[in-house]
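All remarks here apply to the structure that follows.
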Amino acid sequence: MGDARTSDLMKDISEAHGPFNDPQTGKRAAPHGLRSTFHNTCTEAGWDHNLIEMALAHDIGTAVTRAYMRTDMVEKRRQLMEFWSDHLHGVKTEDNVVELHG
């Protein structure tokens, strides 16, 4: 889902349930922030950079690199999206993860 559609969706939800504001700064959330959060979380969890970029529908590498890219990595992207869903729903994916409470 692109930024424009995500923005429209966030706007619709804000009208129905109130705005998405950062609790610390009070700034309104933006679609780019959601995509950045996905990128950072997946990177910190050790997922492949190219796979993350592909999931975000970004161009990967140079024109030559893209010409030789013959896979959509659909199974690996499915696993990545499953990881992301688990992360958003608070499902522990590692036995050695310790939750920090602030």
Scanning the stretch 56-87 for residues that are surrounded by 11 or more Cβ atoms within 10 Å (Cβ to Cβ), part of a helix (DSSP H, G or I) and β-branched (Val, Ile, Thr) gives Thr65
With the first residue restricted to the stretch 43-54 and required to be over 13 Å from Glu82 (Cα atoms) and without any contact (Cβ under 8 Å) to a residue 24 or more places away in the chain, and the second required to be loosely packed, with under 14 Cβ neighbours inside 10 Å and among the polar types (S, T, N, Q), Cβ contacts under 8 Å at 6 or more apart or on different chains are His49/Thr43
Quiz prompt | Test result for Asp3, modelled with pLDDT under 80 and either surrounded by fewer than 15 Cβ atoms within 10 Å (Cβ to Cβ) or closer than 22 Å to Val74 by Cβ (or both) | solution = yes
The condition from (1) touching a strand residue (DSSP E or B) at 6+ places or on another chain (Cβ under 8 Å); (2) at pLDDT 80 or above that Ile13 misses is numbered (1)
Exactly one of Leu9, Leu34 is closer than 20 Å to His87 by Cα and either of a type in the set (A, V, I, L, M) or part of a loop (DSSP other than H, G, I, E, B) (or both), and that residue is Leu34
Of the residues in the stretch 55-75, those that are under 23 Å from His32 (Cα atoms) and over 12 Å from the mean Cα position of the chain (by Cα) come to His58, Asp59, Ile60, Gly61
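The values are calculated or read from the model by the stated rules, or taken from the named source; none is laboratory data. Predicted model only: the values in this text are computed from it and were never measured. Here Cβ is always computed from backbone atoms with ideal geometry, including for glycine, and neighbour counts include all displayed protein chains.
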